[in-house]
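Comments concern the structure below.
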Amino acid sequence: MKKSNQFVGLPIISIADGAEVGHVKSLVVNPKEGMVDFLTVEHADWQISVRAVPFKKIVGVGEFAVMIEDSTSIFDLTEIPIANELVQKKITVVGAKLIDRKGQLIGEATEFFINEDTGAILGLELSLRSKKVILSSEQLITYGRDLIVIKEEAQLNFLDKAESLLGGVVEVEDEVAVSVETNDLSEFQEKQLKLLTGRTTTKDIFERNGELLFPNGTTLNKEDVRKAQEKGPAILAELSMNVVG
């Protein structure tokens, strides 16, 4: 299970070519099926046409990359009418207001969770007046451009943790799982720190908003690597793929 924001910006790697063929620009939601059907692809050479990867063509989604078999898995949207239609609907989910069948405004969707194997939307993170909660997709009725309609009883089925979307883990076990995951992440980050410190960038590394983070030729110190880790996996992946030394 991954959050939608963990997809955006990830490099797309062709297994056959052993090369990066673009970055994930956005997720295209099929509101009727409650699925992410396509990932739109950003590439410096594609200034006019909009291209996308069908989710069913994805081999795997890791922390640092989306893997596809080869570049033929990327299509021009003009070749896939249904994808073009879904893009035009602009179903973003994040930022949508949630309203129940009785017309009561419940809150706002701040994130959504995806099964990285199938593209199915498992649930939403909601911002209420006093806190954030999780709501399973089973409680959703309609995905709209600005509104998501939910069942009347949805408020009785709020969850405290996203992990519950995967089967409702017992609270004590949940805490242990989170602890182990945090420890594993810390060890992994230390390995990244050792791997990248002292290496030199071979291209300019930019943030998603266009701000220059590390100019070409930067010899990375520990603070630089920590900064990249804070910016998220997409930046760290691009940095890892463009250093020497």
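The values are calculated or read from the model by the stated rules, or taken from the named source; none is laboratory data. Since we're looking at a predicted model, the values are computed, not measured. In this analysis, Cβ positions are derived from the backbone assuming ideal geometry, glycine residues included, and neighbour counts consider all displayed protein chains. Please note that ligands, DNA and RNA were not included when accessible areas were found on the heavy atoms of the full protein model with its side chains. Shrake-Rupley method; radii C 1.70, N 1.55, O 1.52, S 1.80 Å.
Can you name the residue in region 187-212 that is touching a residue at least 12 places away in the same chain (Cβ under 8 Å) and open to solvent by 70 Å² or more (accessible area, probe 1.4 Å) and is also farthest from the chain's Cα centre (by Cα) among such residues? First the steps, then the outcome.
Within region 187-212, the first condition is being touching a residue at least 12 places away in the same chain (Cβ under 8 Å), and the residues that meet it are 189, 192-193, 195-205, 207-208.
Those left that are additionally open to solvent by 70 Å² or more (accessible area, probe 1.4 Å): 195, 199, 203, 208.
Details: LEU195: 25, ARG199: 28, LYS203: 24, ARG208: 14 Å.
Top of the filtered list is ARG199.
Going through HIS23, HIS43 one at a time, which residue ends up being under 17 Å from the mean Cα position of the chain (by Cα) and either over 30 Å from GLU125 (Cβ atoms) or open to solvent by 10 Å² or more (accessible area, probe 1.4 Å) (or both)? Spell out the reasoning first.
Working: HIS43 fails: under 17 Å from the mean Cα position of the chain (by Cα).
Only one candidate qualifies: HIS23.
Mind checking whether some residue in region 14-34 is of a type in the set (S, T, N, Q) and not in a strand (DSSP E or B)? Steps first, please.
Taking region 14-34 first, the residues of a type in the set (S, T, N, Q) are 14, 26, 30.
From the residues that got through so far, the ones that are not in a strand (DSSP E or B) too are none.
Looking through region 14-34, none of the residues is of a type in the set (S, T, N, Q) and not in a strand (DSSP E or B).
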Selection status of ILE121, open to solvent by 30 Å² or more (accessible area, probe 1.4 Å), under 25 Å from SER164 (Cα atoms) and either assigned to a strand (DSSP E or B) or without any contact (Cβ under 8 Å) to a residue 12 or more places away in the chain (or both): no
Select from region 125-153 the residues that are over 19 Å from SER164 (Cα atoms), open to solvent by 70 Å² or more (accessible area, probe 1.4 Å) and assigned to a strand (DSSP E or B) and list them in ascending order. ILE141, LEU147
Looking only at region 162-176, count every residue that is surrounded by fewer than 15 Cβ atoms within 10 Å (Cβ to Cβ) and either at pLDDT 50 or above or over 26 Å from VAL93 (Cβ atoms) (or both) and tell me the total. 8
Among (1) at pLDDT below 75; (2) touching a helix residue (DSSP H, G or I) at 6+ places or on another chain (Cβ under 8 Å); (3) over 30 Å from LEU135 (Cβ atoms), ILE205 falls short only on (1)
Scanning region 195-245 for residues that are of a type in the set (A, V, I, L, M, F, W, C) and part of a loop (DSSP other than H, G, I, E, B), the one nearest to MET67 (Cα to Cα) turns out to be MET241
For region 50-93, what are the residues that are surrounded by 13 or more Cβ atoms within 10 Å (Cβ to Cβ) and of a type in the set (Gly, Ala, Ser)? ALA52, GLY62, ALA65, SER71, SER73, ALA83
Cβ pairs under 7 Å, 6+ apart, first in region 81-102 and at negative phi, second crowded, with 17+ Cβ neighbours inside 10 Å and part of a helix (DSSP H, G or I): ALA83/LEU77; ASN84/LEU77; VAL87/LEU77; VAL94/SER4; ASP100/ALA154
Would you check if ASP17 is out of contact with any helix residue (DSSP H, G or I) (no Cβ under 9 Å at 6 or more places or on another chain), touching a residue at least 12 places away in the same chain (Cβ under 8 Å) and surrounded by fewer than 16 Cβ atoms within 10 Å (Cβ to Cβ)? no
